[in-house]
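A.B. asks: Below are the C-alpha cells for one structure; questions will follow.
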Amino acid sequence: MGPTASGKTGLAFALADRLPVEIVSVDSAQVFRDMNIGTAKPDTATLARYPHHLLDLITPEERYSAAQFRTDALREMAAITARGRVPLLVGGTMLYFKALREGLADLPEADPQLRAAIDAEAAAQGWPAMHAQLARLDPETAARLPPNDAQRIQRALEVVRLSGRPLGAFFATQRAIALPYRILVLALMPADRDALHRRIASRFDAMLASGLIEEVEALRQRYALHAGLPSMRCVGYRQVWERLEGILPAAELRDRGIFATRQFAKRQLTWLRSTPGIESIDRLDDNGINDILQRCARFLDAAL
C-alpha cells in the first residue's frame, strides 16, 4: 500500500524477482481499458515479465465498485494460491483494501436513472452545491467529504435518496467478513514529503511528455464519455478533460495536475495513518528493500 508515486510498483517487481508471488492490482484507475499513460499502467513488455491481475477490466464508459473488486480479487487470490503461489496485492486505492479486509456494508444497488439525475443537477449547480445538499441530508458523511469529491458525493446522495437513510446507518450494521488468508500489510509512507512531491511532479511531466493529452483526446473519440464518469474523474484525466473543454487554460494544466496529485497523495497518507495493523516503510533505498524482502521471507516461512 502507499500513496501515488511512492515506489510501490518498483518494490512489487523486486519482490516478484525473488519470491513466488503473483501481482494483483489494487488500483481503481487501472481497471479501465485504454487508459494507460495517466494511470501509470505497466507497458506490454513489463507485463510480459511481471503479469498483473485485475487490469483492463472495463471500458471508460463503465463503472466499477469496491464490492466488484472484492469479488474479483478473492477469485484471483484463490486461483493464485491453488497454483502454489502467493498473492501480492499492490496499489493505492485504500477503499479497495478496506473492502477486501473488512467486507462491505449492504448498501442499496446503484440506480442509473437517479445517478443521471444527480449528475444533471451537479452540471447545473456545481458539486459544492450538491455537497451542501448532502450536508442537510447526511451531515456526518458530508463532513468527511471535500466539496468537489463528485464520485462520493453522488453515491452518498444516491443512497440517502433511495433509502431515506444516511450512509452511516448502513456502516453501523456492517458485519466484518473474515479474510481467509494470513496477511502481511506493508505501507510505503515516505517521511520526506518534499521528495514525494518532486516524484509526483516528475511523473506528471513524464505523462504529459508521453502523450497524456493525446490519450484523452483518443478516448473522447472512441467512447461516449462525459465529465461525470469515474474514469474521467481520475486525477490527471479530470484536468486534461477541463483543458480540452476550455475550462482550464493550457498554461495551468501542469500545475493543476500536479496539485491534484499531491492532494490525492495526502488523502492516501491520511487513510494509511488511520489503518490498523500495517508495517510502515519510510524510503526505498537498497537497505530498505532488503529489509522488506527479509520481512516477506520470514512471513512466508512462518506460513509453511
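A.B. asks: Pairs needed: first member in the range 143-159, at negative phi; second member anywhere, of a type in the set (Ser, Thr, Tyr) and at pLDDT 90 or above; C-beta distance under 9 Å; at least 6 residues apart or different chains.
C.D. replies: ARG152/THR141; ILE153/THR141; ALA156/THR141; VAL159/THR141
A.B. asks: Note down all Cβ pairs under 7 Å where the first residue falls in the range 198-216 and is touching a residue at least 60 places away in the same chain (Cβ under 8 Å), the second is part of a helix (DSSP H, G or I) and surrounded by 18 or more Cβ atoms within 10 Å (Cβ to Cβ), and they're at least six residues apart or on different chains.
C.D. replies: Matching pairs, first to second residue: ILE200/ILE258; ILE200/THR261; ILE200/ARG262; ILE200/ALA265; LEU212/VAL240; VAL216/TYR237; VAL216/VAL240; VAL216/TRP241.
A.B. asks: Failed condition for ASP119, given (1) outside the structural domain of ASP27 (by TED's automatic domain parsing); (2) charged (D, E, K, R); (3) under 20 Å from MET1 (Cβ atoms), with all others met?
C.D. replies: Of (1) outside the structural domain of ASP27 (by TED's automatic domain parsing); (2) charged (D, E, K, R); (3) under 20 Å from MET1 (Cβ atoms), only one is false for ASP119: (3).
A.B. asks: Can you report the number of residues in the range 163-182 which are at pLDDT 85 or above, out of contact with any helix residue (DSSP H, G or I) (no Cβ under 7 Å at 6 or more places or on another chain) and either among the hydrophobic types (A, V, I, L, M, F, W, C) or in the same structural domain as TRP127 (by TED's automatic domain parsing) (or both)?
C.D. replies: 3
A.B. asks: Mind telling me which of the residues ALA48, ALA14 ends up being surrounded by fewer than 21 Cβ atoms within 10 Å (Cβ to Cβ), hydrophobic (A, V, I, L, M, F, W, C) and modelled with pLDDT under 95? Reasoning before the result, please.
C.D. replies: Numbers: ALA48 fails: modelled with pLDDT under 95.
None of the other options fit; the residue is ALA14.
A.B. asks: Under the condition of being surrounded by fewer than 14 Cβ atoms within 10 Å (Cβ to Cβ) and farther than 15 Å from SER65 by Cβ, which residue from the range 92-121 is nearest to the chain's Cα centre (by Cα)?
C.D. replies: Here the residue is ALA116.
A.B. asks: If a residue must be within 17 Å of GLU76 (Cβ to Cβ) and of a type in the set (A, V, I, L, M, F, W, C), how many such residues does the range 16-47 contain?
C.D. replies: Going through the range 16-47 one residue at a time, the tally reaches 7.
A.B. asks: Here is a follow-up. State the number of residues belonging to the range 10-64 that are aliphatic (A, V, I, L, M), over 27 Å from ALA201 (Cβ atoms), outside any helix (DSSP H, G or I) and touching a residue at least 40 places away in the same chain (Cβ under 8 Å).
C.D. replies: Here the count works out to 3.
A.B. asks: Ok, one more. Just to confirm my filter: which helices (runs of 4 or more DSSP H) fall fully inside the range 118-226 and include at least 2 residues that are closer than 30 Å to VAL21 by Cβ? Show your work before the answer.
C.D. replies: Values: elements: 127-137, 139-143, 150-163, 167-172, 193-210, 212-222.
In the range 118-226, 193-210 are the helices (runs of 4 or more DSSP H) which contain 2 or more residues that are closer than 30 Å to VAL21 by Cβ.
A.B. asks: Okay, next question. May I ask you to verify whether TYR96 is assigned to a loop (DSSP other than H, G, I, E, B), aromatic (Phe, Trp, Tyr) and in contact (Cβ under 8 Å) with a residue 60 or more places away in the chain?
C.D. replies: On the way: assigned to a loop (DSSP other than H, G, I, E, B): no; aromatic (Phe, Trp, Tyr): yes; in contact (Cβ under 8 Å) with a residue 60 or more places away in the chain: yes.
In short, no.
The values are calculated or read from the model by the stated rules, or taken from the named source; none is laboratory data. If you're wondering where the values come from, they're calculated on a predicted model, not measured in any experiment. Here the Cβ is made from the backbone with ideal geometry for all residues, glycine too, and neighbour counts use every protein chain on show.
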